[in-house]
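The values are calculated or read from the model by the stated rules, or taken from the named source; none is laboratory data. This structure is a prediction, so every number in the text was calculated from the model and none was measured. Here Cβ is always computed from backbone atoms with ideal geometry, including for glycine, and neighbour counts include all displayed protein chains. Note: areas computed on protein heavy atoms with side chains; ligands, DNA, RNA excluded. Shrake-Rupley method; radii C 1.70, N 1.55, O 1.52, S 1.80 Å.
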Amino acid sequence: MSSAQPATIEQMKQNPYKPLLATIEEIVEETWDTKTFRAVFQDEEMREKFTYKPGQFQEVSVFGVGEATFCLASTPTRPGSIEFSVRKVGSLTDALHEMSEGAVVGIRGPFGNWFPYQEWKGKDLLFIGGGIGMAPLRSLLNFCLDNRDDYGRVDVIYGARSSDLLCYKTEFDAWRNSKNTNLFLTIDKEEEGWQHNVGFVPAYLNDLAPKPDNTIAITCGPPIMIKFVLQNLATLGFTDEQIYTTLEMKMKCGVGKCGRCNIGHLFVCVDGPVFSYAQIRGLPPEF
Amino acid sequence: MDKIVTKDNMAAWLRSLREKYEMIGPVKRPDGAPEFRDIDMMPPGIIPGGIEVALDNAAWLMPPKDYLLPPTETLFTYDEKDQAEPLKVPLAGDKPRLLLGLRACDARAIRVLDHVYLDGAFADPYYAARRKGMVMVGNVCDEARWSCFCTSVGEPVEWLKDLDAVITDIGAGFVVTANTPVGESLLDSSYLSDPSDQQMNLKVAAWDKLAAIPKRPFADKLAKDFLAWDDPIWEKYARKCLGCGICSYLCPSCSCFDIQDERVAGQIERFRCRDTCQTCYFTLMPSHNPRPEKKMRMRQRLSHKFKYQPEQFDIIGCTGCGRCVELCPVNLDIRQALAEVTPNE
Ligand SMILES: Cc1cc2nc3c(=O)[nH]c(=O)nc-3n(C[C@H](O)[C@H](O)[C@H](O)COP(=O)(O)OP(=O)(O)OC[C@H]3O[C@@H](n4cnc5c(N)ncnc54)[C@H](O)[C@@H]3O)c2cc1C
Ligand code: SF4
Ligand code: SF4
Ligand code: FES
């Protein structure tokens, strides 16, 4: 619910419904149902001009099938291409999963607000992610690691039902090896060869018992995980103002016109998707 | 600026405006049913007569939003065989449009649509293109329909001021009032002359009559924070709702839409079409649905108009036009719901 206007580009201002054409350059299979796509704009100028902020999202077109909303999982500190991770759940996500490298998609964005990372300089950051909920957190995490000196200690708690459901495995080492950064992995059930924690994310959070002082907690994942993470953060002494998450509502236009994504008088596509827990408490219970 | 036009000269004046504008107005079809439509599409020489331009408030059925937001419209076409420019955006026509026969509530509805489509970081270019050159001419209702309640949600006489020109029927002729420079240019015609004091008095009386339409008792409740979230009336009113969406499709200020792709003649067309918050698909996501029950969707429709839009744009999103009251197939009456809803203390 940042009051600032979203950073955007001239083309989108002129016609926010007209996608920019992009080519899929790389597809990474993260899990059995999730792939990460790296897309490069066909317009060479756009490759450099297209910038965004961690937490923002885009509408991805598969022409003839439609569009769906995905957060930008890459960081603007690494320009030239954008990345988004897609869990296969329906018609458009199926079509994306069918695509091969070289295929053309449309991109509209960046839309929505972003994590108020400018205000977090000098603070410690605690990332708590579950499953594909790691996608928006990854953008912010890599952004902060690329601006490492702006932030204090960075702790990442990341969990999934099983080890094969963890995304971004190839980046784990880079995260661990960053200065003053810790990665805590957890899975729901015991597995052969698993050397990290076993247990649900909220329980692991309690075990690790991070201190709330000068810390911002950012969490994203399945609703049930978020519910208990919020409870446990409160018990650990985090205030509602120290906790941030992203909300998901059905979207079509992405620019506050189609009337689909409102929670009360706020539109998740323009006033969100990033909200502090203090803001969420003030919303009608309809999301 | 006010002018007078006689009943005999009215048709000639309107016809003269057609040279410059594409005219859309309320016409009575041969079967007597009124609708907003393109007057240019009528055979020449029959306005009025044959097919009558209906400058009374009977011509209310189709809302004027059809001409700002067509029921469906192409956002772009995509032709994968066209290597140079696969993606094309259709351009709006160039002859400016004049909408005739708008009532005060119709003007208000366009104000609501303007907020939704033009405010914020992104303006809607399709709406903006149609809206930009559009001239709005309206008329003062001679009496309230049984279903309407404009004075309960605002001040229709103030709403009339959003129109470029207003036509007031004073019996022996029409007083035409220009509110804008464009309106004044319409009045610059030999078919019109200066009104007498007596004619002006009749005009004022007609506007006063509009302002004096009795308010409903619920009018006093329409403060910002008045719809209670857990009110039992949501359930009560939702129970017989069919979820057909007629209330939204015909509401002059309902603005929600869907976006879909379609393959037409070898190319792909992305279009948008009207949608309604009254179906469960509106918010359905793969993971969950935030409004799975009818009572929640009923609450959304009323809250959007009477609570969220006042918070967002400082405007009540309902104009009291009565279309949803008259056209709901199961006779759900928004006025009854407003009368019964408990104010949020
Ligand atoms: C801000 C935001 C960020 C997001 N970020 C990501 C991300 O990074 N990665 C990601 O994977 N997802 C993300 N999502 C979710 C993603 O947008 C959806 O998963 C995607 O839109 C699904 O599209 P689809 O066409 O594949 O599914 P659809 O085909 O539209 O629907 C999938 C399922 O929904 C149900 N359904 C839909 N329509 C109907 C109907 N008419 N009747 C009955 N059932 C129906 C069915 O169960 C169907 O299987 C995000 C969403 C938001 C709002
Ligand atoms: S017109 Fe009546 S039945 Fe149809 S969706 Fe609206 S309230 Fe329900
Ligand atoms: S809600 Fe009903 S009365 Fe109000 S503007 Fe819409 S159609 Fe008219
Ligand atoms: S997605 Fe259209 S209003 Fe938010």
5 Å-binned pair-distance histogram of chain A (Cα, whole percent): 1, 5, 12, 17, 19, 18, 14, 9, 4, 1, 0
Heavy-atom accessible area per residue - chain B, 1.4 Å, Å²: 44 Å²
Inter-chain Cβ neighbour average for residues B:118-129, partner chain, 10 Å: 5
Fraction of accessible area attributable to carbon and sulfur, the protein assembly as shown (%, probe 1.4 Å): 50 percent
Highest-MSF residue in chain A out of A:88, A:13, A:123 [GNM, Cα springs under 10 Å]: A:13
Residue-level accessible surface for residue A:251, protein heavy atoms, 1.4 Å, Å²: 20 Å²
For region A:124-246, accessible area per residue (1.4 Å probe, heavy atoms of protein chains only), Å²: 43 Å²
Extension gain, residue B:38 back to residue B:311 (0.36 nm per residue minus Cα-Cα distance, nm): 94.7 nm
Value at 222 nm in deg cm²/dmol, rounded to 500, when DSSP H runs of n ≥ 4 in chain B each add -39,500 (n - 2.57): -8000 deg cm²/dmol
Mean ellipticity per residue at 222 nm, deg cm²/dmol - from DSSP H runs of n ≥ 4 across chain A, formula -39500 (n - 2.57): -6000 deg cm²/dmol
Most to least packed among B:7-16, A:197-206 [average Cβ atoms within 10 Å]: A:197-206, B:7-16
GNM result for chain A, Cα springs below 10 Å: residue of A:109, A:133, A:64 fluctuating most strongly: A:64
Peptide A:13-22 - average C-beta neighbours from other chains (10 Å radius): 5
Volume in Å³ per residue [convex hull over Cα atoms, computed for chain B]: 171 Å³
For A:53-65, mean number of other protein chain Cβ atoms within 10 Å: 3
Listed residues B:288, A:97 arranged by accessible area, highest first, probe 1.4 Å: B:288, A:97
Solvent-accessible surface (1.4 angstrom probe) belonging to residue A:119, in square angstrom, nearest 10: 130 Å²
Gaussian network model of chain A, springs between alpha carbon atoms under 10 Å - residue of A:224, A:82, A:243 with greatest fluctuation: A:224
Per-q log10 I(q)/I(0), the protein assembly as shown, q = 0.09, 0.10, 0.11 Å⁻¹ (Debye; single scatterer per alpha-carbon; no solvent): -0.81, -0.96, -1.09
Approximate spin-label separation residue A:121-residue A:46, in nm, with each point projected 7 Å along Cα-to-Cβ: 3.3 nm
For region B:221-340, the fraction of alpha-carbon pairs in successive 10 Å shells from zero, as %: 12, 41, 33, 11, 4, 0
In Å², nearest 10: area of residue A:38 left accessible to a 1.4 Å probe: 60 Å²
Part-to-part distance (alpha-carbon centres) for region B:213-268 and region A:124-154, which is given in Å: 41 Å
Cα-projected label distance for residue B:197 with residue A:188, points at 7 Å along beta-carbon direction, nm: 8.6 nm
Sequence of B:159, A:32 from largest to smallest accessible area, 1.4 Å probe: A:32, B:159
Pairs of Cα atoms farther than 21 Å apart, region A:1-113, %: 30 percent
Solvent-accessible area buried by B and A, counting both chains, probe 1.4 angstrom, square angstrom: 3600 Å²
